[in-house]
Amino acid sequence: MGNFQWEEYWNSIKPALLQSYDQLSNDDLCYEPGQGEKVVERLQQKLGLTAEQVNALLFVHVISMEDESEEEQEILAIIEAMEQDFQTARHPLNTDTAWDF
């Protein structure tokens with residue numbers, strides 16, 4: 001996943017990220033060609049994610065913009081499930097979580 005090249009899709013990814021994450025600003029998403037690592041670092045700090053998770057998030061946004069093959073849909077579903085699990089783990093008192101004791 002680390003070699004995934006999202007930069008060519010940046011103009012489409014940026015508005016989607018701004019819409020999806022209220023804590024992000026235009027300054028957070030400032031991108032200069034060849035400086036993708038800086039964007040990933042800022043997203044890590046702002047979203048509390050690892051570099052791998054940020055790259056997965058960017059991958060999801062790119063895949064959602066393209067025509068999805070069956071294999072891409074499966075990958076997208078797996079990544080979205082991982083993101084959901086991550087969000088639930090970060091918020092263990094989430095009222096939507098069913099607790100069986």
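Among Ala98, Ala77, Ala89, which is at pLDDT 70 or above and of a type in the set (A, V, I, L, M, F, W, C)? Before the answer, list the steps.
Details: Ala98 fails: at pLDDT 70 or above; Ala89 fails: at pLDDT 70 or above.
The unique qualifying residue is Ala77.
With respect to the conditions (1) farther than 22 Å from Asp85 by Cβ; (2) surrounded by 12 or more Cβ atoms within 10 Å (Cβ to Cβ), Glu37 falls short on a single one, namely (2). Among the residues that make up segment 64-71, is at least one of them within 20 Å of Gln87 (Cβ to Cβ), more than 11 Å from the chain's Cα centre (by Cα) and at pLDDT 90 or above? Within segment 64-71 (the criterion being within 20 Å of Gln87 (Cβ to Cβ), more than 11 Å from the chain's Cα centre (by Cα) and at pLDDT 90 or above), the answer is no, since none of the residues qualifies.
If you go through segment 35-51, how many residues are of a type outside the set (A, V, I, L, M, F, W, C), within 13 Å of Trp6 (Cβ to Cβ) and touching a residue at least 24 places away in the same chain (Cβ under 8 Å)?
1
The values are calculated or read from the model by the stated rules, or taken from the named source; none is laboratory data. Predicted, not measured: the structure shown is a model, and the values here were computed from it. Note that we place each Cβ from the backbone using ideal geometry, even for glycine, and neighbour counts take in every protein chain shown.
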